[in-house]
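Structure first, commentary second.
The values are calculated or read from the model by the stated rules, or taken from the named source; none is laboratory data. These numbers come from a predicted model, not from an experiment. Please note: Cβ atoms are built from the backbone with ideal geometry, for glycine as well, and neighbour counts cover all protein chains shown.
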Amino acid sequence: MKIIFYGGVKSVTGANYLLEEDNLRIIVDCGLYQGSKYAEDLNYEKFPYDPATINFVFLSHSHTDHIGRLPKLYKEGFRGQIIASNPTLDLAKKALPDNYNLMKTEAEREGREFLYSLDDLEKTWTLTRGIDYENQIKLSDNMTATLHDAGHILGSTITEFSFGGKKIYFTGDLGNPPTPLLEAPFFPDDADFVVVESAYGSRIHEDRQYRKEILEDIIVETINRGGVLMVPSFAMERTQELLYELNGLVNEKRIPHVPVFVDSPLAINLTEVYRKYPNYFNKTASYIIKSGDDVFNFPGLKFTRTSEESKKINDIPPPKIIIAGSGMSIGGRILHHEKRYLSDPNSAILFVGYQVENSLGRKILDGAKEVSIFGEKISVNCRVKAIGGYSAHADQEMLLRWIASANLKSKIKKAFIVQGEEESSKALADKVKQSLDIEAIVPDSGESFIL
């Protein structure tokens, strides 16, 4: 077996890995590069392999940096099978059309032909096959695959490939338990090789156990100041987790009654997919739902689907809470709210997810006193807060525990560290070598290894 790293190396985004075994060719993830003009330009390059020769594509989950180039793969000749969990496929079918519209508009503004057509996008779904967790599927006489729960977002998977008496596990993005909605990730104990994400490979989520209390404090403080709490939130998982937490705070009367707006058509559509799969939730969330509580609805909550409804949020006087995409402030309706309220010292902006390098969200989080939004200079006078504990990514401590578990039978020959900025990946690799005495490699783009 040979593995080649074509994306997601020394970078959080653009995940794309190729496995070759005899005549079998398998891709794991096919994500967009995001975060800078240079990264986005990489999306327009041709794939470094012939898509027509790929038999299977496995998707770890439905975030754009893992699935965003799928229709481009189809456009360039791929006609194999796309395998993922059923929630992942349902979420992807909602998310990618939204992404297509945003990116196509951007491409037209720059005078370039977009990555793929709407026809390519629609035909991509004809190749999909939904698989439940823990169901082994045969890929060839010598190879099987099994999807395990990654605990990152709804339907996210750790992908296990068994070949010639060996096993390799791809974490995809590993979850950060305990989470309000999902189960903890699957911990293997029999790996020969692992491909491990490292978005937070150099950091510890110190506030993990207290995130709900921190959220409550920020809300109450902003309301008392008569300000607006802006939450740039990923439409998938972060928004649903926030609604779950806010539902609890409202029901327990721990926060004052103020308007809460979910200003994201995509988040609204994805929340409907979450309602469809309560069997993927953890026991606590499942119990609350079975008791009759609609965890994605509570007094004061309003979903604003149309642009007209979104504009009317401006007419509602503070205090109020606005949850809107995009999660890294690189587009979407949150930009309009940030333009309006970033300069207000009574307001606050709260980051609850990873902010990729060079994104507007990262600049604000890193302390920029002035940012550019729609070509206009905006002062950042509001309070800037972040709750690392709401990150859907495992921190260094969790990643080390997962790798240690995978090595319980002392079989791991190599741990490949991916999907992190170079500093973060190298920090985790160093820890793996020092703490677990396992060879840890941060691969370069295009680098290959025989397994």
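Strands (runs of 3 or more DSSP E) wholly in the range 309-420 with at least 1 residues that are closer than 20 Å to Val258 by Cα - which ones?
Per the criteria, 320-324, 348-351, 383-386.
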Residue check for Asn381: crowded, with 21+ Cβ neighbours inside 10 Å and modelled with pLDDT of 95 or more: no
From Ser391, Ser424, Ser410, Ser448, residue being farther than 25 Å from Gln240 by Cβ and modelled with pLDDT under 95: Ser410
Check on Asp90, crowded, with 17+ Cβ neighbours inside 10 Å, under 30 Å from Pro278 (Cβ atoms) and among the acidic types (Asp, Glu): yes
Residues being assigned to a loop (DSSP other than H, G, I, E, B) and of a type in the set (Lys, Arg) - total across the range 108-154: 1
One residue from Tyr277, Tyr287 being in contact with a helix residue (DSSP H, G or I) (Cβ under 6 Å, 6 or more places away or on another chain), surrounded by fewer than 16 Cβ atoms within 10 Å (Cβ to Cβ) and not hydrophobic (A, V, I, L, M, F, W, C): Tyr277
Pairs where the first residue, in the range 144-158, is surrounded by fewer than 23 Cβ atoms within 10 Å (Cβ to Cβ) and the second is modelled with pLDDT under 95 and part of a strand (DSSP E or B), C-beta under 9 Å, 6+ apart: Asp149/Leu182
Hits in the range 120-129 (condition: out of contact with any strand residue (DSSP E or B) (no Cβ under 7 Å at 6 or more places or on another chain) and farther than 15 Å from Gly68 by Cα): Thr126
Criterion violated by Ala95 - all others in (1) out of contact with any Leu (no Cβ under 8 Å at 6 or more places or on another chain); (2) small (Gly, Ala, Ser); (3) at pLDDT below 95; (4) assigned to a helix (DSSP H, G or I) satisfied: (1)
